[in-house]
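The values are calculated or read from the model by the stated rules, or taken from the named source; none is laboratory data. These numbers were taken from a predicted model, which means no experiment stands behind them. Cβ sites come from the backbone with ideal geometry, for glycine too, and all protein chains shown count toward neighbours.
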Amino acid sequence: MLSAKSLFQEILDNDEAFRLFCSIAASGESQGGWENARIAALVPESERALAPKITRHGADEDKHGRIFNALLKKRGLEPVDVPPETDYTMLLERHGIGLAHEKLKADQPLTVRDVITYLAHSRVTEQRAAEQMAMLLKYFADHPDLGRAVRMIYADEDNHLAYSHEELLRYAAAGHGPYIRRTLRECAHAEIRVHRDVSLAVMARMGRILGWS
C-alpha cells in the first residue's frame, strides 16, 4: 500500500533517487542561507535588533545544506544539478514571492516593508518546511542514518516558524496589519501553486528513476 513512509523509504533505498532528493534539499537550504545573510546585512538601522535573528536563521539554513550534503557523502554519493522545475526557491522568486535577488545583491538598505515582506515569506515557507519535517520525524526519527538530521532540522524549522510569526505579530501591533495580511495572502497563494508544481515535478523524476510507470 502506498503511503508517505513507503514512498520515502523507496527513495531512501535507491542511491539515484536519494541523491536527487538530498541535492534538491541541500540547494534550497543553501540558497535560503544566502538570502538570510544578505537580508541581515541590509536591514535598515531602525530594525537592527532583528539582524541577529535573521543571521541565525541563515546560519541554520546553511547548516541544513551541509547536513544533506553529508548524508550524500556518507553513502559515497556526489550532489547532482537541481532540475529547474524542481527548484522551489528559484520558482518562488520568479513568482515575485519574498525579496528579489537583485535587491539583495545591491548595497541599498531595505525598508521596513521589505523586512515585513521577508517575514511573511518566511512565515509561509517555514510552515511548509516544518510540516514536511514533522512528517519525516514521525517515520524516521529513530532511523540510524537519518534520525539525528531529521530531529535537528525539524527543531530549527519549528523555531524559524515561531520567530517569523512573533515578529509579524509585533509589526501588526505597530500598525502594519493590513500590509501583513495582504502579503501573507499573496505569499500563501503563490506558494501553494509553486509547491504543487514542484511536487509533481519531483515525483515525475522519482517515478522515472524508480520505475513507477
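GLY98 meets all of the listed conditions (1) modelled with pLDDT under 95; (2) within 21 Å of LEU136 (Cβ to Cβ); (3) part of a loop (DSSP other than H, G, I, E, B); (4) of a type outside the set (Asp, Glu) but one, namely (2). Please work out if THR89 is under 15 Å from GLN31 (Cβ atoms), of a type outside the set (Gly, Ala, Ser) and touching a Gly at 6+ places or on another chain (Cβ under 7 Å). Criteria met by THR89.
In the set (1) surrounded by fewer than 20 Cβ atoms within 10 Å (Cβ to Cβ); (2) closer than 14 Å to ALA26 by Cα; (3) in contact with a Gly (Cβ under 8 Å, 6 or more places away or on another chain); (4) not aromatic (Phe, Trp, Tyr), the condition left unmet by ALA141 is number (2). Across the stretch 58-83, the number of residues qualifying as closer than 27 Å to ALA40 by Cα and not in a loop (DSSP other than H, G, I, E, B) comes to 13.
All conditions in (1) in a helix (DSSP H, G or I); (2) loosely packed, with under 15 Cβ neighbours inside 10 Å; (3) over 15 Å from the mean Cα position of the chain (by Cα); (4) of a type outside the set (Val, Ile, Thr) hold for ASP114, with the sole exception of (2). Checked against the criterion of being surrounded by fewer than 17 Cβ atoms within 10 Å (Cβ to Cβ), within 19 Å of the chain's Cα centre (by Cα) and among the hydrophobic types (A, V, I, L, M, F, W, C), the candidates ALA40, ALA70, ALA49 yield just one match: ALA70. Every condition in (1) modelled with pLDDT of 95 or more; (2) within 20 Å of GLU186 (Cα to Cα); (3) among the polar types (S, T, N, Q); (4) buried (at least 20 other Cβ atoms within 10 Å of the Cβ) is met by SER27 except one, and the failing one is (2).
Against the conditions (1) of a type outside the set (A, V, I, L, M, F, W, C); (2) in contact (Cβ under 8 Å) with a residue 40 or more places away in the chain; (3) closer than 23 Å to ARG205 by Cα, GLN108 satisfies every one except (3).
So that you can scan it fast, the table gives a plain yes or no per residue for (1) in contact with a helix residue (DSSP H, G or I) (Cβ under 9 Å, 6 or more places away or on another chain); (2) more than 17 Å from MET90 (Cα to Cα); (3) at pLDDT 95 or above:
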residue: ARG123; (1), (2), (3): yes, yes, yes
residue: TYR139; (1), (2), (3): yes, yes, no
residue: MET152; (1), (2), (3): yes, yes, yes
residue: ASP156; (1), (2), (3): yes, yes, yes
residue: GLU166; (1), (2), (3): no, yes, yes
residue: ASP197; (1), (2), (3): yes, no, yes
residue: ARG205; (1), (2), (3): yes, yes, yes
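Any residue that is closer than 18 Å to CYS22 by Cβ and in a helix (DSSP H, G or I) - is there at least one of those in the stretch 156-179? Let's see the steps before the verdict.
Taking the stretch 156-179 first, the residues closer than 18 Å to CYS22 by Cβ are 156-157.
Filter again for in a helix (DSSP H, G or I), leaving 156-157.
Yes, there is a match, as at least one residue in the stretch 156-179 is closer than 18 Å to CYS22 by Cβ and in a helix (DSSP H, G or I).
In the set (1) surrounded by fewer than 18 Cβ atoms within 10 Å (Cβ to Cβ); (2) at pLDDT 95 or above; (3) more than 18 Å from TYR163 (Cα to Cα), the condition left unmet by ASP107 is number (2).
Condition test on ASP145, is it touching a helix residue (DSSP H, G or I) at 6+ places or on another chain (Cβ under 9 Å) and either polar (S, T, N, Q) or more than 25 Å from ASP87 (Cβ to Cβ) (or both)? Outline the logic, then answer.
On the way: touching a helix residue (DSSP H, G or I) at 6+ places or on another chain (Cβ under 9 Å): yes; either polar (S, T, N, Q) or more than 25 Å from ASP87 (Cβ to Cβ) (or both): yes.
In short, yes.
Looking across the stretch 73-88, the residues that are more than 16 Å from the chain's Cα centre (by Cα) and within 11 Å of CYS22 (Cβ to Cβ) come down to LYS73, LYS74, ARG75, LEU77, GLU78, PRO79, VAL80.
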